[in-house]
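I'd like to ask some things about the structure below.
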Amino acid sequence: MFDGLKEKLGRFSDEVEEDVEAEAAAGGEDAAGAPDADAGDSDAGDADGGTDPAAETPEADAGSEADGEADAGAGDDAEDGRSLGQRAKILATGKTVVDEDDLQSHLDDLELALLSSDVEMAVAEAVLDGVEQNLVGETRRRLSSTGSLARDALRESLYDVISVGQFDFDERVAAADKPLVIVFTGVNGVGKTTTIAKLARYFEDRGYSSVLANGDTYRAGANEQLERHADNLDTRIISHEQGSDPAAVIYDGVEYAEANDIDVVLGDTAGRLHTSDDLMDQLAKIDRVIDPDVTLFVDEAVAGQDAVNRAREFNDAAEIDGAVLTKADADPQGGAAISIAHVTGKPILFLGTGQDYDDLEPFDPEEVVDRLIGE
Ligand SMILES: Nc1nc2c(ncn2[C@@H]2O[C@H](COP(=O)(O)OP(=O)(O)OP(=O)(O)O)[C@@H](O)[C@H]2O)c(=O)[nH]1
Ligand SMILES: [Mg+2]
């Protein structure tokens, strides 16, 4: 998954790291000649110290700041003359560890890599800003270190944009009054109905009962499709005939759940183009009438920028609480996975990874970042 982007991100990390090593080696030599340079820096050795990264402009003279004495906190992972602890110390003092021009050229390459992998422009810029901040100033470290400054800087920055709005879905479900009503939206053929079936299985595995409500009264064969899933999953389904009011079907699903002590109502909707005003108005009506607890926008991971634009449009018509990215098994570029949360402010909650009922993974930003920037 995300192999193309992973390779490009790896290249960025490796190239910056080569520069860091070169600067560090050069710095080590300089420092050896002036061992007492700047010995009074009380923050030295504390990579998480309180220095303000914005307060200092980047400078390329890492050597003068690093006083050559591997003191408190320096690890034993010395490479090319400078340990991680020493390099972290350089960061803590707000000095860049790579030459500014070199860094700019690496950042330009990174921007191209992100854009060519379908990352939204504003999101690519946010990633670049984060990387630069992390490299030049103090890395705000929430993830465990990979031992590489460049990789850490990129990981933290990607994590920032990918994890926007994340919440614990299972906790939300557990805390909610029942029945919990979830409505699924998205364009045609992206996997809404399949995701509903997968979530019915997901809930069953966690001890919750569910009822499927077929709000896709538009497409011929939609009832039969959902009925097959209901049969396979041994779940109840509420449906009306083709052409009837989708809000009414989901409403019946809610009444059925209330009367029968069912935990979750999974309301399907017909696929619709985000450019079709009538159908988007209908979606807004479903949202108003049903007032679902959770609205999930479903799209294909492989759709890249299109998925990002559609997420924005659907969120405008019927506010979403999160997204599901399907077909993550089909070698997506990664652009949608990286961009959707930052663009909509709503998190990706699940990845669809195949056509079987169990092919649904909770979306874990840390895991996704690790997949993109593995060790
Ligand atoms: N490989 C793969 N295929 C998937 C995934 N999710 C759904 N599909 C397939 O995508 C196709 C369309 O799925 P549906 O669930 O019918 O899509 P939909 O959004 O409900 O489509 P409409 O109701 O026509 O708008 C089916 O062949 C599914 O098996 C996934 O995560 N991976
Ligand atoms: Mg469908």
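The values are calculated or read from the model by the stated rules, or taken from the named source; none is laboratory data. Here the structure is a predicted model, which means the values were calculated and not measured. Ideal geometry is used to build each Cβ from the backbone, glycine not excepted, and the neighbour counts take in all protein chains shown.
Just to verify a result, which residue in the stretch 308-320, among those that are aliphatic (A, V, I, L, M), part of a helix (DSSP H, G or I) and touching a residue at least 40 places away in the same chain (Cβ under 8 Å), is farthest from Val123 (Cα to Cα)? Walk me through how you get there before you give the answer.
Looking only at the stretch 308-320, we keep the residues that are aliphatic (A, V, I, L, M), and these are 308, 311, 317-318, 320.
With the extra rule that they be part of a helix (DSSP H, G or I), the set shrinks to 308, 311, 317.
Still in the list and also touching a residue at least 40 places away in the same chain (Cβ under 8 Å): 308, 317.
Details: Val308: 11, Ala317: 22 Å.
If we take residues in the stretch 308-320 being aliphatic (A, V, I, L, M), part of a helix (DSSP H, G or I) and touching a residue at least 40 places away in the same chain (Cβ under 8 Å), then Ala317 is farthest from Val123 (Cα to Cα).
Which count do you get for residues in the stretch 232-255 that are in a helix (DSSP H, G or I) and over 34 Å from the mean Cα position of the chain (by Cα)?
So in the stretch 232-255, the residues in a helix (DSSP H, G or I) come out as 232-233, 246-255.
From what is left, the residues that are over 34 Å from the mean Cα position of the chain (by Cα) are 248, 252, 255.
Residues meeting the conditions: 3.
Could you grab the pairs with beta carbons closer than 7 Å, sequence gap of 6+ or different chains, first residue in the stretch 244-255 and over 15 Å from Arg288 (Cβ atoms), second one not β-branched (Val, Ile, Thr)?
Val249/Ala213; Val249/Asn214; Val249/Gly215; Val249/Ser239; Val249/His240; Asp252/Ala213; Gly253/Ala213; Gly253/Gly267
I'd like to verify a number: residues in the stretch 201-222 that are of a type outside the set (Lys, Arg), within 10 Å of ligand 2 (Cβ to nearest atom) and closer than 24 Å to Ala311 by Cβ, how many?
First pass over the stretch 201-222, keeping only residues of a type outside the set (Lys, Arg): 202-205, 207-218, 220-222.
Right, trim to within 10 Å of ligand 2 (Cβ to nearest atom) and you get 214-216, 218, 221-222.
Then drop every residue that is not closer than 24 Å to Ala311 by Cβ, which leaves 214-216, 218, 222.
The qualifying residues number 5.
Within the stretch 256-276, is even one residue within 15 Å of ligand 2 (Cβ to nearest atom) and part of a helix (DSSP H, G or I)? If you could, list the steps in order and put the result at the bottom.
Keep residues of the stretch 256-276 that are within 15 Å of ligand 2 (Cβ to nearest atom), which gives 266-273.
From the residues that got through so far, the ones that are part of a helix (DSSP H, G or I) too are none.
For the stretch 256-276, residues within 15 Å of ligand 2 (Cβ to nearest atom) and part of a helix (DSSP H, G or I): absent.
For the stretch 250-273, which residues satisfy the criterion of being buried (at least 20 other Cβ atoms within 10 Å of the Cβ) and not aliphatic (A, V, I, L, M)?
Tyr251, Gly253, Gly267, Asp268, Thr269, Gly271, Arg272 - these are the residues of the stretch 250-273 that are buried (at least 20 other Cβ atoms within 10 Å of the Cβ) and not aliphatic (A, V, I, L, M).
Can we say Arg288 is in contact with a helix residue (DSSP H, G or I) (Cβ under 9 Å, 6 or more places away or on another chain) and part of a helix (DSSP H, G or I)? It would help to see each step written out before you state the result.
Values: in contact with a helix residue (DSSP H, G or I) (Cβ under 9 Å, 6 or more places away or on another chain): yes; part of a helix (DSSP H, G or I): yes.
So Arg288 passes the test.
Let me ask another. Hey, among the residues in the stretch 231-241 that are under 21 Å from Asp356 (Cβ atoms) and surrounded by fewer than 20 Cβ atoms within 10 Å (Cβ to Cβ), which one's farthest from ligand 2 (Cβ to nearest atom)? First the steps, then the outcome.
Step one: of the stretch 231-241, the residues under 21 Å from Asp356 (Cβ atoms) are 231-235, 237.
Checking which are surrounded by fewer than 20 Cβ atoms within 10 Å (Cβ to Cβ) leaves us with 231-234.
Values: Asp231: 16, Asn232: 16, Leu233: 16, Asp234: 20 Å.
Looking at residues that are under 21 Å from Asp356 (Cβ atoms) and surrounded by fewer than 20 Cβ atoms within 10 Å (Cβ to Cβ), I get Asp234.
To continue, here is another question. Can you tell me which of Gly335, Gly322, Gly345 is within 17 Å of the chain's Cα centre (by Cα) and at pLDDT below 95? Reasoning before the result, please.
Values: Gly322 fails: at pLDDT below 95; Gly345 fails: at pLDDT below 95.
Every option except Gly335 fails the conditions.
Further question: Got a number for residues in the stretch 158-178 being over 19 Å from Arg206 (Cβ atoms), assigned to a helix (DSSP H, G or I) and not hydroxyl-bearing (Ser, Thr, Tyr)?
Residues that pass the stated criteria total 4.
Filtering the stretch 147-200 down to residues that are among the polar types (S, T, N, Q) and within 16 Å of ligand 2 (Cβ to nearest atom), which residue is farthest from Leu349 (Cα to Cα)?
Per the criteria, the residue is Asn188.
Something else about it: Just one of Asp370, Asp316, Asp281, Asp287 is within 21 Å of Asp3 (Cβ to Cβ) and out of contact with any Pro (no Cβ under 9 Å at 6 or more places or on another chain); which is it?
Numbers: Asp316 fails: within 21 Å of Asp3 (Cβ to Cβ); Asp281 fails: within 21 Å of Asp3 (Cβ to Cβ); Asp287 fails: within 21 Å of Asp3 (Cβ to Cβ).
Asp370 is the lone residue from the list that is within 21 Å of Asp3 (Cβ to Cβ) and out of contact with any Pro (no Cβ under 9 Å at 6 or more places or on another chain).
Give Gly322, Gly354, Gly374 a once-over and let me know the one that is out of contact with any helix residue (DSSP H, G or I) (no Cβ under 8 Å at 6 or more places or on another chain) and either within 16 Å of ligand 2 (Cβ to nearest atom) or not hydrophobic (A, V, I, L, M, F, W, C) (or both).
Answer to the selection: Gly354.
Shifting gears a bit: Are any of the residues in the stretch 298-305 part of a loop (DSSP other than H, G, I, E, B) and more than 30 Å from Glu255 (Cβ to Cβ)? Talk me through it step by step, then tell me what you get.
Initial filter on the stretch 298-305 (part of a loop (DSSP other than H, G, I, E, B)): 304.
Still in the list and also more than 30 Å from Glu255 (Cβ to Cβ): 304.
Yes; the residues of the stretch 298-305 include at least one that is part of a loop (DSSP other than H, G, I, E, B) and more than 30 Å from Glu255 (Cβ to Cβ).
Suppose we keep only residues that are part of a loop (DSSP other than H, G, I, E, B) and crowded, with 24+ Cβ neighbours inside 10 Å within the stretch 322-341. Which one would you say is farthest from ligand 1 (Cβ to nearest atom)? Spell out how you get there, then give the answer.
Looking only at the stretch 322-341, we keep the residues that are part of a loop (DSSP other than H, G, I, E, B), and these are 327-334.
Adding the requirement that they be crowded, with 24+ Cβ neighbours inside 10 Å leaves 328, 332, 334.
Values: Ala328: 6, Pro332: 10, Gly334: 15 Å.
It comes out as Gly334.
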